[in-house]
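S.K.: Quick one: the structure is below, questions incoming.
The values are calculated or read from the model by the stated rules, or taken from the named source; none is laboratory data. Keep in mind that this is a model prediction, so the values were computed, not measured. Methodologically, a virtual Cβ is constructed for each residue, glycine included, from the backbone with ideal geometry; neighbour enumeration extends over all protein chains shown. Just so you know, the surface numbers come from the protein's heavy atoms only, side chains and all, with ligands and any DNA or RNA stripped out. Shrake-Rupley method; radii C 1.70, N 1.55, O 1.52, S 1.80 Å.
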Amino acid sequence: FLDIIRGHVERGVRTIRLDAVAYLWKELGTPCIHLRQTHEVIRLIRLLCDYCEAPVVLITETNVPNVENLSYFGNRNEAHMIYNFALPPLLLHALLGGTSKYLNAWQMAMPPAQLGCAYFNFSASHDGIGLRPAEGLVPEEEMQEVIETVQGFGGLVSLYARPGGSRPYELNVSLFDAFAGTHAGRDGHQMERFLCCQAIVMGLEGIPAFYIHSLVASANDHDGVEKLGYNRAINRRRLDYGELRAALDDPESMRSKVLSRLREMVRLRSAQPAFHPNATQFTLQLGEPFFGFWRQSLDRAQSIFAISNLTPHARSIAAMSLNLIDGDEWSDLLTGEPVKPLSGEIAFEPYQTRWISNRQKTQ
């Protein structure tokens, strides 16, 4: 396998994902997960990557509870990046219920990644939204409410066997359709809710990742599930390039609207030093309807207060609650609106995200 990896690197591959790597080593009489030998193999691959003449990034994919997942950083000698598996179910819970309660508690307890390592932040994948990483973070009865809500929007749930019976393993749903409404039912804020989710992913410490069907706002593919016979097919629709191109060329189509907004946010994000993968992050306490955090660039020159309204209602916060430094010129990077640091209210539309910064960088 090292020869295979080397062969790909020689052909230009610069990012290598170790899929389901927690189960790499098998040993009779053990659960065959997270074994010492598995971590030793990852350390060997990391060592070879670090000594390669080309910069190779190693990503581990381990869909397990949060504490177990974090172990794959090692002591800065295993993965360069780890999939941030707790993030998708926590975002779903927060935006369907309009509360940052558990998202905040989890984020406050997350250790910063060591320099040179980073969280791989994502909200959807070809598999589904894993529920195991939320175990111990969200009460079972509240996660069950999330499951039932998503099922009401056409989503499916996959189970796994546990002593005493099966339990939910993952939600299978297109992320765009997962945000068709809230626990109260469908509403008219689907796109805003979805974009809020993506703005949070872009702002958090780490590197954001986007699944192709999220980028282009794909809907649930129930025909694919029926044809192929497995739940994960619901978010693996085979795209017809001509149809996709036509939709993206139509400014009134949902695919076009979503991709255009995401591209603009990515463009702005990539220009901000405070969104460096290892820039300082501090979780803000703004009440359950909001989720917010402060990012500061490595040279401390730029600050960004990334704040999202998680509810379908217009809300506001006092500008003074953010401790914006007086004398700097603050503005929202996403709208260009100025923000006064010491007076007034900062208004938020339903599901609006603001990136309030003292340095306006556009490229």
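S.K.: Do any residues in region 7-24 that are among the hydroxyl-bearing types (Ser, Thr, Tyr) have Cβ atoms under 8 Å from those of residues that are outside any strand (DSSP E or B), where the two are at least six apart or on different chains, and which pairs are they?
M.R.: Between residues of region 7-24 that are among the hydroxyl-bearing types (Ser, Thr, Tyr) and residues that are outside any strand (DSSP E or B), the close pairs are Thr15/Val56; Tyr23/Cys32; Tyr23/Ile33; Tyr23/Thr38.
S.K.: Filter region 19-37 for residues that are outside any loop (DSSP other than H, G, I, E, B), of a type outside the set (S, T, N, Q) and out of contact with any helix residue (DSSP H, G or I) (no Cβ under 7 Å at 6 or more places or on another chain); which is farthest from Ser125 (Cα to Cα)?
M.R.: Applying the filter and picking the extreme gives Arg36.
S.K.: Let me ask you something else. Only residues that are open to solvent by less than 10 Å² (accessible area, probe 1.4 Å) and either of a type outside the set (Gly, Ala, Ser) or within 17 Å of Val201 (Cα to Cα) (or both): list them for region 308-323, please.
M.R.: Passing the criteria: Ser308, Asn309, Leu310, Thr311, Leu322.
S.K.: Are there any pairs with C-beta distances below 9 angstrom linking a residue in region 42-69 that is farther than 20 Å from Arg14 by Cβ to a residue that is in a helix (DSSP H, G or I) and of a type in the set (S, T, N, Q), with the two at least 6 apart or on different chains, and if so which?
M.R.: As it stands, the answer is Thr62/Asn69; Thr62/Ser71; Asn63/Asn69, since those pairs meet every condition given.
S.K.: Looking at region 248-263, which of the residues that are of a type outside the set (Ser, Thr, Tyr) and without any contact (Cβ under 8 Å) to a residue 12 or more places away in the chain is most open to solvent (accessible area, probe 1.4 Å)?
M.R.: So, considering only residues that are of a type outside the set (Ser, Thr, Tyr) and without any contact (Cβ under 8 Å) to a residue 12 or more places away in the chain, the one most open to solvent (accessible area, probe 1.4 Å) is Arg263.
S.K.: In addition: With region 38-123 as the region, which helices (runs of 4 or more DSSP H) entirely inside it contain at least 1 residues that are basic (Lys, Arg)?
M.R.: Passing ranges, in order: 101-109.
S.K.: Please state which one of Arg315, Arg354 is of a type in the set (Lys, Arg), within 27 Å of Phe179 (Cβ to Cβ) and more than 23 Å from the chain's Cα centre (by Cα).
M.R.: None of the other options fit; the residue is Arg315.
S.K.: Looking at this structure, is Val157 more than 14 Å from the chain's Cα centre (by Cα) and open to solvent by less than 20 Å² (accessible area, probe 1.4 Å)?
M.R.: no
S.K.: Something else now. If I ask for residues that are part of a strand (DSSP E or B) and modelled with pLDDT of 95 or more, which ones from region 124-140 would you list?
M.R.: Ile129
S.K.: Of these, Leu115, Leu137, which one is open to solvent by 10 Å² or more (accessible area, probe 1.4 Å), over 23 Å from Thr311 (Cα atoms) and of a type in the set (A, V, I, L, M, F, W, C)?
M.R.: Just a single option satisfies the conditions, and that option is Leu115.
S.K.: Given region 287-363, what strands (runs of 3 or more DSSP E) lie entirely inside it while holding 2 or more residues that are in contact (Cβ under 8 Å) with a residue 40 or more places away in the chain?
M.R.: In region 287-363, 290-296, 303-309, 353-357 are the strands (runs of 3 or more DSSP E) which contain 2 or more residues that are in contact (Cβ under 8 Å) with a residue 40 or more places away in the chain.
S.K.: Among the residues of region 165-188 satisfying the criterion of being in contact with a strand residue (DSSP E or B) (Cβ under 8 Å, 6 or more places away or on another chain) and part of a loop (DSSP other than H, G, I, E, B), which is surrounded by the fewest Cβ atoms within 10 Å (Cβ to Cβ)?
M.R.: Restricting to residues being in contact with a strand residue (DSSP E or B) (Cβ under 8 Å, 6 or more places away or on another chain) and part of a loop (DSSP other than H, G, I, E, B), the top hit is Asp187.
S.K.: Answer yes or no as to whether Val266 is hydrophobic (A, V, I, L, M, F, W, C), open to solvent by 40 Å² or more (accessible area, probe 1.4 Å), in contact (Cβ under 8 Å) with a residue 24 or more places away in the chain and not in a loop (DSSP other than H, G, I, E, B).
M.R.: Taking the combined requirement at face value, the residue satisfies it.
S.K.: Go through Phe305, Phe275, Phe282, Phe293 for me and flag whichever is open to solvent by 30 Å² or more (accessible area, probe 1.4 Å) and of a type outside the set (Lys, Arg).
M.R.: One residue alone meets the criteria, Phe282.
S.K.: Consider Ile33 against the criteria (1) within 22 Å of Tyr160 (Cα to Cα); (2) buried (at least 18 other Cβ atoms within 10 Å of the Cβ); (3) at pLDDT 95 or above: it satisfies all of them except one. Which criterion is unmet?
M.R.: Every condition holds for Ile33 apart from (2).
S.K.: Exactly one of (1) in contact with a Lys or Arg (Cβ under 9 Å, 6 or more places away or on another chain); (2) outside any helix (DSSP H, G or I) is unmet by Val225. Its number?
M.R.: (2)
S.K.: Quick test for you: out of Ile200, Ile234, pick the one residue that is of a type in the set (Val, Ile, Thr), farther than 28 Å from Thr283 by Cβ and touching a residue at least 60 places away in the same chain (Cβ under 8 Å).
M.R.: From the options Ile200, Ile234, the qualifying one is Ile234.
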